[in-house]
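What follows is a single structure, written as structure tokens, with notes after it.
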Amino acid sequence: MKQKLVIIGNGMAPGRMLEELFEQAPGLYDVVIFNAEPRVNYDRIMLSPVLSGEKLYEDIVIHGDDWYARHGVTLHKGAKVTGIDRAAKTVTSANGVTESYDKLVIATGSLPFIIPVPGHALPGVLAYRDLDDVEKMLDATRRGGRAIVIGAGLLGLEAAYGLKRQGMDVTVIHIMPTIMERQLDPPAAYLLEKALNDRGIEIITKANTKRIVGEDKVEGIELEDGRVIEGTIVVMAVGIRPAAQLAKEAGVVTNRGIVVDDGMMTSDGSIYALGECAEHRGVCYGLVAPLYESAKTLADRLIGGASEYRGSVVNTKLKVTGINLFSAGDFAEGEDREEIVLRDATAGVYKRLVLKDNRIVGAVLYGETADGAWFFDMIKRGTDISEMRDTLIFGQAYQGGSPLDPTAAVAALPDDAEICGCNGVCKSKIVGTITAKGLTSLDDVRAHTKASASCGSCTGLVEQLMVLTLGDSYNPSAVQPMCTCTELGHDDVRRLIVAKGLKTIPAVMQELEWKTSCGCAKCRPALNYYLVCDWPDEYADDYQSRFINERVHANIQKDGTYSVVPRMWGGVTNAGELRAIADVVDKFEIPMVKVTGGQRIDLLGIHKEDLPAVWADLGKAGFVSGQAYAKGLRTVKTCVGTDWCRFGTQDSTGLGIRLEKFMWGSWTPAKLKLAVSGCPRNCAEATCKDIGVICVDSGYEIHFAGAAGLDIKGTEVLGLVATEDDALEHIVALAQMYREQGRYLERIYKWAKRVGLDEIRRQIMGDAEKRKGYFDRFVFSQTFAQVDPWSERVSGKDKHEFKPMAVVGMAEAAE
Amino acid sequence: METKTIREGDAAGFESGFGMNWVDIGTIHDIPLRGARCVRTPQGRIAVFRTADDQVFAMEDRCPHKAGPLSQGIVHGTSVTCPLHNMVISLETGKALGADEGEVRTIPIRNRDGLLSIAVDTLSLLVAAE
Ligand code: SRM
Ligand SMILES: Cc1cc2nc3c(=O)[nH]c(=O)nc-3n(C[C@H](O)[C@H](O)[C@H](O)COP(=O)(O)OP(=O)(O)OC[C@H]3O[C@@H](n4cnc5c(N)ncnc54)[C@H](O)[C@@H]3O)c2cc1C
Ligand code: SF4
Ligand code: FES
């Protein structure tokens, strides 16, 4: 008598297995299939095109009813198996069918994971797994409104795209900072997010769903941060779980999935597991390619063969029309790994290959994926690529060629992009003048267009435009690159950030063709500053790109403790403040209290965990952070001035405090220190500060560009102004000019030397309109910057910074 | 989609004995991307790092130069730059990169579906408890 093969689940994996089996040994088994879904085997992968309307269900059927008839297969549709009796070797379904087996294959697939937030059981909360889900979604699209998709993985994004195509508004909520983070590195994720936004899909990252809102059907969701998004359906696409419960209840060994050996056999010799429900060598797969490979092995085993499945490398493609995306293998970085990155900002292409021992171990391709299969093949084969390493990234068809063009970024700028900010000169003006007048030198270009004739920070770009127009006959002066991640210098990067409207670090790295995937400790803090400065209202500060002091708002000390310096406006304090400091010192047993060179008090040796509590106590006494750690406004030293001093000519203390209150919280390229002295005796040492004021009878003499650290240099005079208001406006405008032009870590005296003292005087003292512009931009930026970082952290921001992740060991646990 | 192979570290062998024990320390989401957190143990602080592409590493929180707390540094690629004097340390090997010399002791770490555990020496835990 024929052996009987029973299969639980009628998905893609057993479908493929049966094709192999019938081809090699037709008629070997009597086959019986139970399927919980009331239908035949269809191509689950193609549900997304069905959802988007690009295909019909009939188009995606793999095995029609005639196929089952032809092979003598009994298919129980809509029959969910509820029990396996291993002793009796039978399975039974919910609708009362019992079948005995000689061999059993469990192929139950996966269950979509539903986050158990309040409201998750409301009508309108859908999963995305089978045709029924698609039909429910299509039903919702007929009613219109907004669909909310939770999870920006492969499934979530395909669902979002389909729903959008069907005319709904779509918002995708994702918990991680970048989308599809399992398959894509951040640069590729950035490009994808941009492309989806262009298709009208709104994506909110770093968002955690708190609850689903609605009385008796979905009305929207509420996020942890309190935001409410209205919507008529919620599609949860946050992950899948192997459907291993049935096997587990039958006493078959399971872990995350049903554990199988290299012959796909479970702990029971008559039972096999196949597809997403199986766990092979610790891995549960969620894509069909590996399942098909193991299906082949299982078919061979059922025939009596001995083939072995050894696991697979997987690759991913996103099925969203018009978006080309490919990722495969393991693209994590590592010391024994090298990466080759190719970025073409104009064409929106990003390619990254990760190599180990001269072999490709991972690949991410965006925009141009034609070579995906070729790379994937080499990953699987472990092909040695040393011979073609230099040209590898250009792909299979590559036939020799030139190195990357450094002028590409400038070439891609629109004609009206502003190149010279000081004189308002745009790209077409420069290119046009070079051609029309036959200019060949930088000086000529400066003379005829005024570009690069003022502060000079656009020189690099102007020179690139000359190369672009004149070809190799023009030899530009060498630019010092920011770091080894880019060829561009600081000034070029800054100007391009503005010209191209780049607003995130990944955007800068992509559009300016960074050579590494995540930058280094040199460029990341610099980019973060430039973005904070240029887009104060839009840029979300990236704390992980800040040096530790600016990340935790205290100064790290040699032993890993921190020092805390509260602001003492203008160096003035009182008994209440001093008492509060004394109390904090006692309470936290702070080992050292010191008067600083900046006229305030430093509390040294505080443990990181204590910082928020110390700040809380200081905050109650009215103290805010002194930003003694910041590339930003530090101190404003003052002397006693007209209030007390017999020589004082103006209220130097008052002006100092006014300046500090106006300017605190601002980020600058390097630290910025001010001082105001009441007379030329200069007791506040104003003439060696970044910006200083010497009060005189006729008004206020503004000084700048002094140094008293690594270099010693007296200040230069900016000019004399009559009133305190004038002094404030000029000083603030000067600070803003420095903020906009200074290179990261460049103190004001170095910037001034580069740009020229006369140019600065011309813009700040001589050009009222320019000055007003600088002043207004500073004021605007302050509306976002003047938030005391200490009180923010006392109220819970960045909590993780100040607590150990875990405490291990009995000694500590006993506390 | 569950496509990413789970990284087991190189320490799977400790599971069964050798005086080592896997101790849960939290989830990968407790650590900021391109960031680090500390774990306190009787033998000292351990720094646990998470890279931009979700790899995790653990090592003693002591720079080989002058004992700077590496957990406070900037994480880039699979390296961290020490906050005190900018030595760059490989998270994978614990070795100083570039011209510098020195090595930090790395700690086996395991990532199972986001749940992190480190291997600690059970014997010394017992000693510490006494
Ligand atoms: C606390 C203080 C010394 C003191 O006990 O008086 C101090 C302490 C440090 N200074 Fe300073 N400087 C202090 C006043 C000064 C002064 C004097 C002043 O501000 O009038 C100068 C000369 C003026 C200047 O800024 O150039 C000064 C020039 C420097 C320099 C050299 C900067 C330069 O570009 O030349 C550095 C190194 C650096 O920034 O790279 C530095 C760096 C440091 C650092 C931050 C070193 C570091 O990176 O860890 C020290 C931090 C200690 C801490 O945790 O608080 N400190 N430092 C003073 C704090 C002032 C305040 O209230 O905020
Ligand atoms: C929308 C979508 C898009 C996808 N896109 C891709 C892609 O682009 N590329 C890719 O490689 N993969 C993709 N996948 C994943 C791919 O579809 C799956 O990996 C594959 O279908 C798994 O096959 P399987 O046979 O293991 O399980 P399934 O195809 O899930 O089949 C399992 C079947 O078993 C039935 N069943 C479960 N329990 C029982 C029970 N107790 N009794 C009876 N029957 C039961 C279920 O109803 C189901 O019909 C996608 C998946 C979805 C949902
Ligand atoms: S001079 Fe400044 S940087 Fe040098 S030891 Fe003193 S506080 Fe530190
Ligand atoms: S202590 Fe780390 S570099 Fe000095």
* To do: Identify, by number, the condition in (1) out of contact with any helix residue (DSSP H, G or I) (no Cβ under 9 Å at 6 or more places or on another chain); (2) buried (at least 20 other Cβ atoms within 10 Å of the Cβ); (3) more than 14 Å from chain B (Cβ to nearest Cβ); (4) not charged (D, E, K, R) that A:SER563 doesn't meet.
  => (3)
* Structure fact -> Scanning segment B:77-122 for residues that are within 15 Å of ligand 4 (Cβ to nearest atom) and at the interface with another protein chain (Cβ under 9 Å from one of its Cβ atoms) gives B:SER79, B:VAL80, B:THR81, B:PRO83, B:LEU84, B:ASN86, B:VAL88, B:SER90, B:LEU91, B:LYS95, B:LEU97
* Tell me, please, whether a residue that is touching a residue at least 60 places away in the same chain (Cβ under 8 Å) and of a type in the set (Val, Ile, Thr) can be found in segment B:93-101. => no
* Asked: Quick check: anything in segment A:575-598 more than 14 Å from chain B (Cβ to nearest Cβ), on the phi > 0 side of the Ramachandran plot and not aromatic (Phe, Trp, Tyr)?
  -> yes
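If you go through segment A:331-349, how many residues are facing chain B (nearest Cβ under 9 Å) and either more than 19 Å from the chain's Cα centre (by Cα) or under 30 Å from A:SER52 (Cα atoms) (or both)? Lay out the reasoning, then the answer.
The first filter runs over segment A:331-349 and keeps only residues facing chain B (nearest Cβ under 9 Å), leaving A:331-337, A:339.
Filter once more, so that each one left must be either more than 19 Å from the chain's Cα centre (by Cα) or under 30 Å from A:SER52 (Cα atoms) (or both): A:334-337, A:339.
Final tally of qualifying residues: 5.
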* Any chance you could count how many residues in segment A:599-614 are assigned to a helix (DSSP H, G or I) and either near ligand 1 (Cβ under 10 Å from one of its atoms) or away from chain B (no Cβ under 14 Å) (or both)? => 4
* To do: Look through B:ALA52, B:ALA99 and report the one residue that is assigned to a loop (DSSP other than H, G, I, E, B), buried (at least 21 other Cβ atoms within 10 Å of the Cβ) and more than 16 Å from ligand 2 (Cβ to nearest atom).
  => B:ALA52
* Collect the residues in segment A:113-161 that are of a type in the set (A, V, I, L, M, F, W, C), away from every other protein chain (no Cβ under 14 Å) and within 14 Å of A:GLY231 (Cβ to Cβ), keeping them in residue-number order. => A:LEU122, A:VAL125, A:LEU126, A:MET137, A:ALA140, A:ALA147, A:ILE148, A:VAL149, A:ILE150, A:ALA160
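Kindly establish whether A:LEU365 is within 12 Å of another protein chain (Cβ to nearest Cβ), aliphatic (A, V, I, L, M) and over 25 Å from A:HIS280 (Cβ atoms).
Here the answer is no, as A:LEU365 does not meet what is asked.
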* Please indicate, with yes or no, whether at least one residue in segment A:26-39 is exposed (fewer than 14 other Cβ atoms within 10 Å of the Cβ) and within 15 Å of ligand 2 (Cβ to nearest atom). => yes
* To do: Please indicate, with yes or no, whether at least one residue in segment A:54-67 is at pLDDT below 95, out of contact with any strand residue (DSSP E or B) (no Cβ under 9 Å at 6 or more places or on another chain), of a type in the set (D, E, K, R) and closer than 30 Å to A:GLU249 by Cα.
  => no
* Structure fact -> Per the filter on segment A:325-337, residues free of Cβ contacts under 8 Å to residues at least 60 places away in the same chain and either surrounded by fewer than 18 Cβ atoms within 10 Å (Cβ to Cβ) or in contact with a strand residue (DSSP E or B) (Cβ under 6 Å, 6 or more places away or on another chain) (or both) are A:PHE326, A:ALA328, A:GLY329, A:ASP330, A:GLU335, A:ASP336, A:ARG337
* **Candidate set: segment A:85-111, residues that are over 21 Å from A:ALA299 (Cβ atoms) and within 14 Å of chain B (Cβ to nearest Cβ); chosen: the one nearest to ligand 4 (Cβ to nearest atom)** => A:SER110
* Asked: Restricting attention to segment A:286-323, which residues are part of a loop (DSSP other than H, G, I, E, B) and either surrounded by fewer than 18 Cβ atoms within 10 Å (Cβ to Cβ) or at pLDDT 90 or above (or both)?
  -> A:GLY304, A:GLY305, A:ALA306, A:SER307, A:GLU308, A:TYR309, A:ARG310, A:GLY311, A:VAL313, A:THR321, A:GLY322
* What do you reckon, is A:GLU276 within 14 Å of another protein chain (Cβ to nearest Cβ) and crowded, with 20+ Cβ neighbours inside 10 Å? -> yes
* Among A:ALA244, A:ALA207, which is buried (at least 24 other Cβ atoms within 10 Å of the Cβ), in contact (Cβ under 8 Å) with a residue 24 or more places away in the chain, among the hydrophobic types (A, V, I, L, M, F, W, C) and within 14 Å of another protein chain (Cβ to nearest Cβ)? -> A:ALA244
* Quick check: is even one residue across segment A:214-222 at pLDDT 95 or above, farther than 20 Å from A:TYR128 by Cβ and within 26 Å of the chain's Cα centre (by Cα)? -> yes
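Listed here are the residues, each with its yes/no results for (1) surrounded by fewer than 21 Cβ atoms within 10 Å (Cβ to Cβ); (2) at negative phi.
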position: A:GLY109; (1), (2): no, no
position: A:LEU122; (1), (2): yes, yes
position: A:VAL125; (1), (2): no, yes
position: A:LEU157; (1), (2): no, yes
position: A:ALA160; (1), (2): no, yes
position: A:GLY167; (1), (2): yes, no
position: A:ILE179; (1), (2): no, yes
* Structure fact -> Counting only residues in segment B:63-76 that are surrounded by fewer than 24 Cβ atoms within 10 Å (Cβ to Cβ) and facing another protein chain (nearest Cβ under 9 Å), the one nearest to ligand 2 (Cβ to nearest atom) is identified as B:PRO69
* **Residues of segment A:392-440 classified as assigned to a loop (DSSP other than H, G, I, E, B), at pLDDT 80 or above and under 31 Å from the mean Cα position of the chain (by Cα), total** => 2
* Asked: From the list A:ILE115, A:ILE148, which one is part of a strand (DSSP E or B), more than 16 Å from ligand 2 (Cβ to nearest atom) and within 22 Å of A:LEU223 (Cα to Cα)?
  -> A:ILE148
* Could you tell me whether A:VAL218 is more than 16 Å from ligand 4 (Cβ to nearest atom), buried (at least 18 other Cβ atoms within 10 Å of the Cβ), in a loop (DSSP other than H, G, I, E, B) and away from chain B (no Cβ under 14 Å)? => yes
* **Test result for A:GLU550, in a loop (DSSP other than H, G, I, E, B) and either touching a residue at least 60 places away in the same chain (Cβ under 8 Å) or surrounded by fewer than 14 Cβ atoms within 10 Å (Cβ to Cβ) (or both)** => no
* Examine segment A:578-591 for a residue that is out of contact with any Cys (no Cβ under 7 Å at 6 or more places or on another chain), within 10 Å of ligand 1 (Cβ to nearest atom) and free of Cβ contacts under 8 Å to residues at least 40 places away in the same chain, and state whether such a residue exists. => no
* Verdict on B:GLN55 being within 16 Å of ligand 1 (Cβ to nearest atom) and facing chain A (nearest Cβ under 7 Å) -> no
* Which one is surrounded by the most Cβ atoms within 10 Å (Cβ to Cβ) among residues in segment A:502-522 that are outside any loop (DSSP other than H, G, I, E, B) and within 12 Å of chain B (Cβ to nearest Cβ)? -> A:MET509
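The values are calculated or read from the model by the stated rules, or taken from the named source; none is laboratory data. Worth saying up front: this structure is predicted, and the values here are computed from it rather than measured. When we count neighbours, we look across all protein chains shown, and the Cβ atoms used for this are built from the backbone with ideal geometry, even at glycine.
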